[in-house]
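Notes follow once the structure below has been shown.
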Amino acid sequence: MKARWIGLGIGAALCLAACGDAARPAVVEGSASPADGMVGAGVVAAATAPYARAERALAEGRILAPAGDNAIEHYLDAYAQPSERVRARAALAELQPYVLIAAEQAIARGDGREAARLQALIARIDPGAPALPRLRAGLDALVRAQEARDADGVAAAAAMPSPAAGAPAAAVERIIAATAATAATAATAATEPVTSPAHAPEPPPAAAPATATVQAPPPSSLPTPPASRGVEARTPRLLQDAQPRYPLPALRARIEGEAQVAFTIQPDGSVRNARLLSSTPPGMFEASALAVAQRWRFEATGRAHDSRRTVHFRLPPEAARDG
C-alpha cells in the first residue's frame, strides 16, 4: 500500500512539472524585449517633444502659421518645460520681431482676426513688450472702423428710396445708375493714399546681440516733388542706425544675401510704412529687414520723405570659415 502511494506522488510531481513547462511562455528568437519597447517609446517621445516640433517647423518655414502648428507656439510649449526653458527663451527672442511685423501688416490690411492672434502670441512671449499698447490701439481702431462701416452700410440701405409701384422702367434704371456711381466714387476714394498724422517714436524692444555682421549703406532718397512756397526739399540725415537680427535659418545654413526696403520718413524723423522692394534669396531676409527699418531714426524736418535702403546680410569671417 505504501509503495502505491509513493508511485502516485511521483506521478503527480511529473505531471505538475510538465504543466509548468507548458504554462511558461516560449521565447521566440528575435522578438522585442520590454526594454526594447521602452527605448522605442523614448525615441518617439523625443521626436514629438515641443522643442523638436519647433525646430522642425522652423526648418520648414512655418514660423507663424498655421495656427497651432508653427515654430512660435511650439517654442512657447517648450518654454513651459523647465529643461527646455533656456534655449526656448533664446529662440523666442530671435523670432519675436517677425511676429510684430506680421501683426502690424495684419492690422494694415484690415485682418482683425489674424492681428488679434499674433498680438496674443506677443503677449505670451513677453507680457511687457513695448509694442503691445500700440498693437492694441491699432486693433481697437480697426474694430471701430469696421463697426462704423457696417453702420453706414445699414443706414445707406435704409435711406435708399424704393421705386413706387407702377413707376416707369426708366426711373428705376436712373436710381440703379445713381447707386452704382456712388459706389464707384466711394471705392476710388478708399484706394487713395491717406497721410496719417505723425506718431511719437517708440523705443525699440530689447534684443539679444546679433550673431552676424550686417552692413547697411547710407540711405538714398527717392525723387520727391519740389516743396511748395520755395522751401527746399532735402534728404533727412540718419541719426540712429540699428543692427538687424540675422535670421536663424539663414545663419544655420550659412546663407548670405540682402533686402531692399522702401519706407516713409515721418516729419518727426520716425519710420513708417516700411515695405519690401526685393530680397535675395527670396523668403529669407524679408522679415528681419522690415523689423530693423522700424528702429531707424532720421533728422526731423517737419515733412514726410520717401526713401529706401539696402540691408546687406554677411556672415562673420569665423562663421564663413566654419562652413
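In this structure, does Glu173 turn out to be surrounded by 10 or more Cβ atoms within 10 Å (Cβ to Cβ), at pLDDT 75 or above and over 21 Å from the mean Cα position of the chain (by Cα)? Outline the logic, then answer.
Working: surrounded by 10 or more Cβ atoms within 10 Å (Cβ to Cβ): yes; at pLDDT 75 or above: no; over 21 Å from the mean Cα position of the chain (by Cα): yes.
Considered against the rule, which asks whether it is surrounded by 10 or more Cβ atoms within 10 Å (Cβ to Cβ), at pLDDT 75 or above and over 21 Å from the mean Cα position of the chain (by Cα), Glu173 comes out as no.
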Check: So how many residues does the range 102-130 have that are open to solvent by 10 Å² or more (accessible area, probe 1.4 Å), within 20 Å of Arg144 (Cα to Cα), of a type in the set (A, V, I, L, M) and in contact (Cβ under 8 Å) with a residue 12 or more places away in the chain?
Finding: 2
Notebook entry, point to check: Across the range 280-303, what is the total count of residues that are open to solvent by 20 Å² or more (accessible area, probe 1.4 Å) and either assigned to a strand (DSSP E or B) or under 16 Å from Arg234 (Cα atoms) (or both)?
Noted result: 7
Checklist line | Filtered residue count, the range 68-95, keeping only those that are open to solvent by 70 Å² or more (accessible area, probe 1.4 Å) and among the hydroxyl-bearing types (Ser, Thr, Tyr) | finding: 2
Note to self: Looking only at residues that are open to solvent by 50 Å² or more (accessible area, probe 1.4 Å) and either in contact with a Gly (Cβ under 6 Å, 6 or more places away or on another chain) or assigned to a loop (DSSP other than H, G, I, E, B) (or both) in the range 236-252, which one is modelled with the lowest pLDDT?
What the structure shows: Gln243
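For the range 120-130, give me each residue that is assigned to a loop (DSSP other than H, G, I, E, B) and within 14 Å of Leu95 (Cβ to Cβ).
Our first condition is that a residue be assigned to a loop (DSSP other than H, G, I, E, B); within the range 120-130, this holds for 126-130.
Selection gives Asp126, Ala129.
The values are calculated or read from the model by the stated rules, or taken from the named source; none is laboratory data. Everything numeric in this text was worked out from a predicted model, so none of it was measured. Using ideal geometry, Cβ is built from the backbone for each residue, glycine included, and neighbour counts are taken over all protein chains shown. For the accessible areas, the whole protein counts, side chains as well, though only heavy atoms, and no ligand, DNA or RNA atoms are used. Shrake-Rupley method; radii C 1.70, N 1.55, O 1.52, S 1.80 Å.
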